[in-house]
Amino acid sequence: MEINCDQYKDSAYRSADGSCNSLDYPLWGAAVTPQPRYQPAQYDDELNSPRTTGKNGDKLPSTRLISNKLFRAPGDCTETDHARTLMVMAWGQFIDHDIVATPMTQDDSSPIICCGESAQSRPECFTIPIPSDDPHFTHSCMEFVRSASDPCQAGAREQTNEKTSFIDAGVVYGDSVEKWAELADAQTGGLLTSEGELLPAGGGSCKLTNKDDFCPKAGDKRANVVPSLGVTHLMFVREHNRIVQELRKVRPDWDPDTLFQETRKIIGALFQQITYGEFLPSILQEQDLVKYNLKLKRKRFSYSYDSSINPATKNVFNAAAFRFGHSQIPPTMAYVLRDFMTRLRPLPMESTFKDPHMLVTQQGRLVPDLARFIITSNSMKTDSQFEEAVRDHLFEESEGKGLDLGALNVQRGRDHGLPSYNAWRKWCGLPVATSFPDLQDISDNHKNILAELYSDVEDIDVYAGGIAEIPQDGASVGPVFSCIIGQQFKDLKDGDRYWYENRGVEGFSSAQLQEIRKVKLAKIMCENLDVDPIQRDVFHVPSPSNPWETCSSLPGINFSAWRRRGRGRGKP
């Protein structure tokens, strides 16, 4: 497909769909393009059939069986992470939705049913067998529809990414000019809101349990999955509108479109800064931040852009490695009052799924209490132990029937033809096991479980092996996921012409960049969610080294850096 990138050669602003970021390869990282791979797919027939057969021709174990033995916490009680807050899980999900959405196969825009009385005999069905002695489910078949294949890709089956791969705040604005038009106020350059300065109504994929509630609409259709995700969406819509007002004061000459674009550019920069400056240091070791060039500069510009790097999010990252956060999902969501002690109305996580009530009730008056819960509550430990709600209840439609997120993750890897765990150990330059006792970075207990499940060590699924690894010191994940996540975020940074630290029209002036560098996520929460006091690092629990501070003590952007300077260019 021929794409003319002339208008983006010297443009200060990204395209909506991510095209023309690379002037040599215009579709790299663009929305609705195939997900590239770090290693070739391993399908049973080398072209299309999911990976279901092991090294010796044995059938791979049911992914529900894997979940029952490997992901089920003893006594259904998972461990909490004493250092990190729920914001690690919330931001990970938010940024994931910014850079990837893999569509499932659909039939004329309606879902395909693969289990039960209405089951359809379709090649897109790849159902999960449920053991007869399953501890929870009473049915024998778990729904699973294959990811849609890219219709334009010759050769082996490839999956599509509907989002731009770039960390560009597409989750806030959408990834098309049509979505921009739907969400933006053309008269002001701001984003549309509803009463209480909440997200606008009209979103899809939402259940309403209260007659006064509504389904919020955002730049991504998954905004209502869980309340922590919804509140993060809301925070950045409000931050966009706040910045528009600030820019209007220093640039009264700008029209609404310029205000929208310049604010979108600043929001995108804040996304990148928070992700690399706060989120990644909370899940990766310092040495991996250095190894993969993920550390931000404190002064001056970055010159790391490499036009030969394809920044697009890779298949194994999307379908396996970055799903580690599913083990961090907490058992409940609640409100925390201003005394930071009182918790109100705790709800089982499964009851909040796709229900925006906690966010929209009372015109959003309880949003600050929800935000306090997220930044003061401990995250769950990243390990192979999943909350019972995630395994058995989160997607439940009726008693004894539902979906298991851990099993779905392993099944998705097979659907996408992801090579085995050992293949990724080798790709990462890590020691490769020749037997189950030979597995490194995995506890003896998990080695025994894997040996019980799989016929050969070469058969272990990458998600199962990766999530079973012991987290590295100071990190949330083990060596394999650290490697894949580190390499992917290196690609996203070094392959992005519009990376916010870069010099040139695509970036910011030196003064503007220094203003942006002042901002932490805590300040954005202060400005938009009425959380005061707050700890400076919201990804870690308050402590003597991370104490509560007043919002006024946290630095923010001085927008005078955006004032027009003499006869210089009209758009800083």
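Before moving on, here are some points about what is shown:
- Selection from the range 440-479 of residues that are charged (D, E, K, R) and touching a Gly at 6+ places or on another chain (Cβ under 6 Å): Asp441, Asp456, Asp459, Asp461, Glu469
- Test result for Gly190, closer than 27 Å to Pro368 by Cβ, over 23 Å from the mean Cα position of the chain (by Cα) and crowded, with 20+ Cβ neighbours inside 10 Å: yes
- Among the candidates Arg51, Arg64, Arg72, the residue that is surrounded by 22 or more Cβ atoms within 10 Å (Cβ to Cβ), basic (Lys, Arg), in contact (Cβ under 8 Å) with a residue 12 or more places away in the chain and more than 30 Å from Ile274 (Cα to Cα) is uniquely Arg64.
- Extreme residue, surrounded by the fewest Cβ atoms within 10 Å (Cβ to Cβ), among residues of the range 227-275 that are among the hydroxyl-bearing types (Ser, Thr, Tyr) and closer than 19 Å to Glu506 by Cα: Thr258
- Counted as qualifying within the range 288-380 are the helices (runs of 4 or more DSSP H) with 2 or more residues that are more than 30 Å from Lys207 (Cβ to Cβ), namely 315-319.
- Once the range 475-529 is narrowed to residues that are of a type in the set (Ser, Thr, Tyr) and assigned to a helix (DSSP H, G or I), the residue that is nearest to Ser443 (Cα to Cα) is Ser482.
- Some residue of the range 26-34 being in a loop (DSSP other than H, G, I, E, B), closer than 23 Å to Trp427 by Cβ, out of contact with any Cys (no Cβ under 9 Å at 6 or more places or on another chain) and at pLDDT 95 or above: yes
- Meets criteria (of a type outside the set (D, E, K, R), out of contact with any Gly (no Cβ under 7 Å at 6 or more places or on another chain) and farther than 22 Å from Lys297 by Cα) for Ser482: no
- Selection from the range 4-48 of residues that are within 25 Å of Ala181 (Cα to Cα) and over 25 Å from the mean Cα position of the chain (by Cα): Asn4, Cys5, Asp6, Gln7, Tyr8, Lys9, Asp10, Ser11, Ala12
- The condition of being under 19 Å from Thr102 (Cα atoms), part of a loop (DSSP other than H, G, I, E, B), within 22 Å of the chain's Cα centre (by Cα) and among the basic types (Lys, Arg) does not hold for Arg51.
- Output for the range 503-531, where each listed residue is out of contact with any Pro (no Cβ under 6 Å at 6 or more places or on another chain) and surrounded by fewer than 17 Cβ atoms within 10 Å (Cβ to Cβ): Arg503, Gly504, Val505, Ser510, Ala511, Gln514
- Near pairs, Cβ below 7 angstrom, 6+ apart or cross-chain, from the range 553-572 (over 16 Å from Lys520 (Cα atoms)) to any residue that is surrounded by 11 or more Cβ atoms within 10 Å (Cβ to Cβ) and modelled with pLDDT under 50: Trp562/Pro572
- Among the candidates Asp491, Asp441, Asp461, residue that is closer than 30 Å to Glu79 by Cα, crowded, with 21+ Cβ neighbours inside 10 Å and charged (D, E, K, R): Asp461
- Complete set of residues in the range 167-213 that are in a loop (DSSP other than H, G, I, E, B), in contact with a helix residue (DSSP H, G or I) (Cβ under 7 Å, 6 or more places away or on another chain) and not small (Gly, Ala, Ser): Ile167, Asp168, Gln187, Thr188, Leu192, Thr193, Glu195, Glu197, Leu199, Thr209, Asn210, Asp213
- Residues located in the range 124-145, provided they are farther than 14 Å from Gly402 by Cβ and more than 29 Å from the chain's Cα centre (by Cα): Pro131, Ser132, Asp133
- Of everything in the range 315-339 that is in contact with a Phe, Trp or Tyr (Cβ under 8 Å, 6 or more places away or on another chain) and without any contact (Cβ under 8 Å) to a residue 60 or more places away in the chain, the residue that is nearest to Ala464 (Cα to Cα) is Ala334.
- Selection from the range 532-551 of residues that are surrounded by fewer than 12 Cβ atoms within 10 Å (Cβ to Cβ), touching a residue at least 12 places away in the same chain (Cβ under 8 Å) and not β-branched (Val, Ile, Thr): Pro547
- Number of the condition not met by Asp473 [criteria: (1) surrounded by fewer than 22 Cβ atoms within 10 Å (Cβ to Cβ); (2) closer than 19 Å to Leu284 by Cβ; (3) in contact with an Asp or Glu (Cβ under 9 Å, 6 or more places away or on another chain)]: (3)
- Selection within the range 214-225: residues that are assigned to a loop (DSSP other than H, G, I, E, B) and of a type outside the set (A, V, I, L, M). The member of this set that is surrounded by the fewest Cβ atoms within 10 Å (Cβ to Cβ) is Lys221.
The values are calculated or read from the model by the stated rules, or taken from the named source; none is laboratory data. Note that the coordinates shown come from a computational prediction; the quantities given were computed from them, not determined experimentally. Every residue, glycine among them, receives a Cβ derived from its backbone with ideal geometry; neighbour counts consider all protein chains shown.
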